[in-house]
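What follows is a short report on a single structure.
The values are calculated or read from the model by the stated rules, or taken from the named source; none is laboratory data. If you're wondering where the values come from, they're calculated on a predicted model, not measured in any experiment. Here Cβ is always computed from backbone atoms with ideal geometry, including for glycine, and neighbour counts include all displayed protein chains. These accessible areas exclude ligands, DNA and RNA; they are computed on the full protein's heavy atoms, side chains included. Shrake-Rupley method; radii C 1.70, N 1.55, O 1.52, S 1.80 Å.
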Amino acid sequence: MINVKVPLGVNVLDEIRVTGGKPLRGRVSVQGSKNAALPMMAASLLHRGVSVLRGCPKIADVYCMEEILEGLGAVTWWEGRDLYLDCAKADRTVISEENTGKMRSSVILLGAMLGRNGKGFMGYPGGCVIGKRPIDLHIYALKKLGASVTDRGNFISASCGKLTGAEISFAKSSVGATEQGILGAVLAEGETVLSHCACEPEIVWLCRYLRGMGAKITGDGSRNIRITGVGELTGGDMKVPADRIAAGTYLCAAAATRGKIIIENPPEGELDAFLEVYRKIGGQYEGKSGKLIADGSGVRFPVPFLETEEYPGFPTDLQSPLMAVLATIPGESHIRENIFEDRFKLAGELNKMGAFITASGRDAWIRGASSLSGCQVAAEELRGGAALILAALAARGNTSIKGASFIRRGYEHICEDFAALGGIIEDTGTTSYENIQIQEKNKAD
Ligand code: UD1
């Protein structure tokens, strides 16, 4: 008998179908943040007991991290929307290439494994579709903390006696490498000073989670973070914050369709650079009683120049959703992508729908169409895939988006949410979504 294992969230009918042309209207809540939840899961490995992530998003990347932690010996289960991780016996130190290849952020488990057991051996992290994505800064941070690390191209092995506090000065701002340094330093002996750190909100959320576990960290959210190592950590227990990228994606959907939506639980103060651009293109927004009311009906102005930057600049993860909006605005916009080298893959797909986008190196010039037309397009990665849904919701007629599994990696129920906002949208992978629910239930039982 041939046993075919279908990865969670992947369905042979890997397609999203949209009939566009209707402005989105209504209220929506955003999921817990993917990029906050994954490092919190990795941090849970530093406690030999139970930790809980409340309101954790049920997305393929979280399931993948859960599977990796189980492979290390953790016991995990869901109670409603809360993810429990019992890492009492998670003392294995090998993560297969099959698992690490599915997800870039698996690499931050190296610092956690070193902090816990002094060794880690893992396959090379995946996720190369938006650029080269090297891991030199991760390795640099761990070496500074006293680990001996060997990068053999397809696997990495690392070991240490006990990690020791150090001065770590990053040559470039990296979210993942900053997280790696933090995870390595919290149980290291003595004091660590990390400089030129990434300031993204997810770093702050990780540090809050770790402080709740007893870690001694100051300075997170600034370029310099100071950590005093402690002997052990207690269990983590925190609510996963709202996903700023999912919130931005939904705001872009309102803009692309010239709709009006209310986000019930907007991430506070994390979307300023994006909202500034939202206003420039003709969108309006207002914060009221903790909610964000966004009106995209007046969206009509192209953006002469916009570049992605590290936080608090315009986030690279919202560059593709914004490009989909600009594809609906006649006139020329110009985007420069400074973070990843290969993040304009969707341009060709948007052109099939009637936009006129030319991309060269890190620049893209977008001439939008007064009306996009539905057709068959393909997602090649997560944010670009979500952007194609936005274009499809704005377009006249029917669009079929292949490669929906890329989108499910990071969005918990994007199709259901857009349908609730009046979009005509169907995820043909719904059957697999139901299967996930059944698998989860079985796990809980
Ligand atoms: C994280 C986010 C991702 C977001 C990105 C930038 C997660 C799970 N993912 O990815 O959604 O788009 O931040 O905000 O949180 N670099 C190196 N050497 C390294 C590491 C990175 O040169 O060792 C470079 C990268 O190629 C890139 C830049 O640094 O050009 C920023 O990457 P980084 O901040 O590390 O992104 P990720 O942590 O992978």
Report task. Sticking with the crude label model, points 7 Å out along Cα→Cβ, report the distance from residue 400 to residue 195 in nm, one decimal please. Result -> 5.7 nm
Report summary line: Net charge (Lys, Arg +1; Asp, Glu -1) of residues whose beta-carbon lies under 13 Å from that of residue 401, residue 401 excluded, is -3
Query raised in the report: How many percent of Cα pairs in region 100-146 exceed 11 Å?
Result: 69 percent
Query - Inter-site label distance for residue 25 and residue 416 at 7 Å from Cα along Cβ, in nm - result: 2.4 nm
**Report entry** Where the chain is the region considered: accessible area per residue in Å², 1.4 Å probe
**Finding:** 39 Å²
Query raised in the report: How large is Rg/Rh for region 165-272, to two decimals, with Cα atoms and a Kirkwood Rh?
Result: 1.09
Report summary line: With Cα coordinates, the longest principal axis of the chain makes an angle with the long axis of helix 60-71, in degrees rounded to 10, of 20 degrees
Report task. Report, by chain and number, residues whose modeled amide H sits under 5 Å from the one on residue 396, excluding near sequence neighbours (fewer than 5 apart, same chain). Result -> 372, 373, 374
Report task. Identify which of 139, 156, 329 has the largest mean-square fluctuation in a Gaussian network model of the chain, with springs joining Cα atoms closer than 10 Å. Result -> 156
Query raised in the report: Under the Karplus relation 6.51 cos²θ - 1.76 cosθ + 1.60, θ = phi - 60°, what is the ordered set of whole-Hz ³J(HN,Hα) values for region 27-39, x standing for Gly and Pro?
Result: 10, 8, 9, 9, 5, x, 6, 4, 6, 8, 5, 5, x
Requested in this report: Whenever you get a sec, compute what percent of the accessible area on the chain sits on carbon and sulfur atoms (1.4 Å probe).
Outcome: 51 percent
**Report entry** Rg in Å to one decimal, and Dmax rounded to a whole Å, for the chain via C-alpha atoms
**Finding:** 21.5, 63
Report summary line: Length gained, residue 230-residue 143, 0.36 nm per residue minus C-alpha separation, equals 29.4 nm
